[in-house]
């Protein structure tokens with residue numbers, strides 16, 4: 001797919017699983033399990049999926065997934081699998097390498113979104129993308145470095161400390177244009193200062209759903225995660241976005257849906273739902 005000056009590629013970086021109850025909040029299991037069956041530990045199947053934007057002079061990666069720094073205990077807890085999908089293999093599929101990446105846009109600093117920012121090399125944590133700038137919102141940077149008790153387990157300093165030490169981080173407020181051709185929309189329900197990159201060329205527009213639309217099942221307004229710090233705010237943000245998405249036929253990109261890269265939206269009676277699946281890249 002191409003939008004404006006950018007060719008778009010779907011980059012699967014890992015498979016993993018999170019508790020279905022946490023992923024669907026107040027929605028009863030008898031309902032959400034019809035959409036996302038759970039395993040014996042109540043985990044639903046998910047992926048980490050980044051979006052690669054390639055122009056003549058930039059190669060921009062939005063989020064980097066779980067990464068490979070996990071020990072066996074946590075790989076087992078979250079059922080993380082990077083054997084079938086990982087950043088290096090998925091970039092290589094399209095002829096790119098980690099050294100090619102010029103920019104990494106971090107939607108927010110939760111471990112399943114930026115764990116791939118860094119990697120272990122010869123026993124040391126180093127930047128995965130040595131030639132990139134890493135763009136992070138000011139609000140989420142502040143929260144990640146001074147988290148609340150609810151947030152603390154979602155942030156892992158090893159995902160960004162070495163980047164800061166090497167002056168590779170650019171802090172932004174998220175409301176300004178910082179890369180040509182890319183807008184950002186900021187939400188606060190899931191976490192403070194979450195960036196949603198958007199691209200448009202007049203005929204197509206894509207919105208990076210991140211964690212207010214982690215799966216296609218989360219399109220309905222009241223399907224929100226227990227992980228959200230302000231679930232009512234998430235619902236308000238979705239209520240504002242979805243009518244515009246439907247009316248203007250935006251493409252909604254999913255970071256965690258195991259089978260659906262993206263889709264368009266329609267209003268099915270009282271609820272917004274997926275209209276047509278969209279394939280970003282094969």
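Since every read-out is calculated from the coordinates, none of them should be taken as a lab result. Bear in mind that the values here come from a model prediction, so they are computed numbers and not experimental data. When we count neighbours, we look across all protein chains shown, and the Cβ atoms used for this are built from the backbone with ideal geometry, even at glycine.
Odds and ends about this structure:
- Orientation-averaged projected area, Cα convex hull of the range 208-282 (nm²): 4.8
- Counting neighbouring Cβ atoms within 10 Å and putting the fewest first, the residues 175, 49 line up as 175, 49.
- Averaging Cα coordinates gives a centre for the range 47-94 and one for the range 171-225; these two points are 19 Å apart.
- Across the range 2-278, the relative contact order, built from alpha-carbon pairs under 8 Å that are at least six residues apart, equals 17 percent.
- Prolate/oblate/rounded call for the range 1-119, Cα gyration tensor, a/c under 1.5 rounded: prolate
- Cα gyration tensor, the range 58-203 - rounded (a/c under 1.5), prolate or oblate: oblate
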